[in-house]
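Visitor: Mind having a look at this structure? Questions to follow.
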Amino acid sequence: MTALPQERRVVTAVPGPKSQELQARRAASVARGVGSVLPVFAARAGGGIVEDVDGNRFIDFGSGIAVTSVGASAEAVVRRATEQLQDFTHTCFMVTPYEGYVAVAEALAELTPGDHAKKSALFNSGAEAVENAVKVARSYTGRQAVVVFDHGYHGRTNLTMALTSKNMPYKHGFGPFAPEVYRVPLAYGYRWPTGPANAGPEAAAQAVDQIAKQIGPENVAAIVIEPVLGEGGFIEPAKGFLPALRKFASDHGIVFVADEIQSGFCRTGQWFACEDEGVVPDLITTAKGIAGGLPLAAVTGRAEIMDAAHAGGLGGTYGGNPVACAGALGSIETMKELDLNARAKAIEATMKARLTAMAEKFDVIGDVRGRGAMIAIELVKDRTTKEPAPETTAALAKACHQEGLLVLTCGTYGNVLRFLPPLVIGEDLLTEGLDILEQAFTRI
């Protein structure tokens, strides 16, 4: 475990003087388009704590956006990455390969859903993984169209911006976007017009109807969906929706791609969120939680699909960097050793009990949702109209930050508070963080 004391501590204003000084340097030298949730500069992090340069310690309910699931300085990640650093930092797998890349591909074949033969290709980021999954699907099917969903988020490259549904801040002013991308309805239970019980079958029927009429299934290379939506608001598609789309894809020779970049690697209490309804994707994209904070991403899928791209058609200079691969093997070792799927379920039990109780006290909480350590509350001005309350959401996040709790917002309407604690967070820190949140609700 980390040597960093696992206790919250606020000793200066937030941000403190050293962070303010660094912020001035940042403003002068870093492009304005790179944002920050909280302008405090990190000095150390580990377990469930992030410590800033002023000595303030924040309870971490963000995990660097679901990346540091095993903690920000997990022993096995640090040990394996350090050993690899001493051997070599880079050769480029496409020039002279190395065992670490192969070992990560083997681990992904073992862990991802389905008992079919699987292969992987490794990349640097989630957006790269999604983009390459589309390339592979197009190569395999000989088709061009890609189907995505309302509220979906898939990245910031040109193609993945086209796949992403939210304009600000991801797409605004950055077009034109890649063609042959089609968006269909999502089974968003909380906001489905006829109620959550009907959302799964009705949304699936609408999506299939639109694909049939507007595109033609024979033109669709891939259906790309997050089994639990991340940036779009931690929406769990209503039951039955994912299996119906999986069946439709199978029936029409469409490659079904599960984007598990935010929801993968024990985050939802299973290795992958699509396992909840027994959905076996053709391709699965991973990143974030894969390597304990080192930049790594993967596309894993059916061997015959992954092999469709011609030799040399997939790759990248840094893809599957040896140090990042070592980190991934350390991260997976930690997840297995500490049974972080069970820990994610325990975090869910604690958080949902407290948040449900808060929803009974505070009318602004319209919905409590999510699985494992991927939990959210949607805030509304009125529970009947469900009008989003983004201003209240921002105010609550700021109030939490001032008290030493790092929380993130998300959602198409900017009205969702999302909670992504490291899976190794102590129960005491988890409870204290929820206390701070409840006090913020009481004040605001």
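The values are calculated or read from the model by the stated rules, or taken from the named source; none is laboratory data. Keep in mind it's a predicted model, so treat the numbers as computed, not measured. With ideal geometry, Cβ positions are generated from the backbone for all residues, glycine too; neighbour counts draw on all protein chains shown.
Visitor: So Ser29 ticks every box in (1) among the polar types (S, T, N, Q); (2) surrounded by 17 or more Cβ atoms within 10 Å (Cβ to Cβ); (3) at pLDDT 95 or above but one. Which box is left unticked?
Guide: Looking at each condition in turn, Ser29 falls short on (2).
Visitor: Which of the residues spanning the stretch 78-128 are among the small types (Gly, Ala, Ser), more than 19 Å from Ser331 (Cα to Cα) and crowded, with 22+ Cβ neighbours inside 10 Å?
Guide: Ala127 - this is the single residue of the stretch 78-128 that is among the small types (Gly, Ala, Ser), more than 19 Å from Ser331 (Cα to Cα) and crowded, with 22+ Cβ neighbours inside 10 Å.
Visitor: Do the conditions hold for Val130, that is, is it β-branched (Val, Ile, Thr) and over 19 Å from Leu296 (Cβ atoms)?
Guide: In short, no.
Visitor: So, one more: Is it the case, given these coordinates, that Ala291 is out of contact with any His (no Cβ under 8 Å at 6 or more places or on another chain), crowded, with 24+ Cβ neighbours inside 10 Å and among the aliphatic types (A, V, I, L, M)?
Guide: yes
Visitor: Here's a follow-up. How about the stretch 1-120: which helices (runs of 4 or more DSSP H) wholly inside it have at least 2 residues that are touching a strand residue (DSSP E or B) at 6+ places or on another chain (Cβ under 9 Å)?
Guide: 17-29, 63-66, 99-111
Visitor: Looking at Pro281, is it over 20 Å from the mean Cα position of the chain (by Cα), buried (at least 20 other Cβ atoms within 10 Å of the Cβ) and not acidic (Asp, Glu)?
Guide: no
Residue by residue, here is whether (1) touching a residue at least 40 places away in the same chain (Cβ under 8 Å); (2) in a strand (DSSP E or B) holds:
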| site | (1), (2) |
| --- | --- |
| Pro169 | yes, no |
| His172 | no, no |
| Tyr182 | no, yes |
| Ala187 | yes, no |
| Tyr190 | yes, no |
| Ala199 | yes, no |
| Glu202 | no, no |
| Gln206 | no, no |
| Asp209 | no, no |
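Visitor: For Ala42, indicate whether it is without any contact (Cβ under 8 Å) to a residue 24 or more places away in the chain and either crowded, with 16+ Cβ neighbours inside 10 Å or farther than 20 Å from Leu408 by Cα (or both).
Guide: When the stated conditions are applied, Ala42 does not pass them.
Visitor: The conditions are (1) surrounded by 21 or more Cβ atoms within 10 Å (Cβ to Cβ); (2) more than 30 Å from Ile365 (Cβ to Cβ); (3) within 21 Å of the chain's Cα centre (by Cα), and Asn158 fails exactly one of them. Which is it?
Guide: (1)
Visitor: Which one of these is in the same structural domain as His154 (by TED's automatic domain parsing), buried (at least 17 other Cβ atoms within 10 Å of the Cβ) and within 19 Å of the chain's Cα centre (by Cα): Ala309, Ala344, Ala324?
Guide: After ruling out the rest, the residue left standing is Ala324.
Visitor: Could I ask something else about it? In this structure, does Asn158 turn out to be among the polar types (S, T, N, Q) and touching a Leu at 6+ places or on another chain (Cβ under 9 Å)?
Guide: no
Visitor: On to the next question. Residues Thr164, Thr160: which one is within 21 Å of Thr285 (Cβ to Cβ), polar (S, T, N, Q) and touching a Phe, Trp or Tyr at 6+ places or on another chain (Cβ under 6 Å)?
Guide: Among Thr164, Thr160, only Thr164 is within 21 Å of Thr285 (Cβ to Cβ), polar (S, T, N, Q) and touching a Phe, Trp or Tyr at 6+ places or on another chain (Cβ under 6 Å).
Table: residues versus (1) touching a helix residue (DSSP H, G or I) at 6+ places or on another chain (Cβ under 6 Å); (2) within 20 Å of Leu340 (Cβ to Cβ).
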{"site": "Thr194", "(1), (2)": "no, no"}
{"site": "Gly200", "(1), (2)": "yes, no"}
{"site": "Lys213", "(1), (2)": "no, no"}
{"site": "Ile235", "(1), (2)": "no, no"}
{"site": "Gly240", "(1), (2)": "yes, no"}
{"site": "Phe248", "(1), (2)": "yes, no"}
{"site": "Phe256", "(1), (2)": "yes, no"}
{"site": "Ile290", "(1), (2)": "yes, yes"}
{"site": "Gly293", "(1), (2)": "no, yes"}
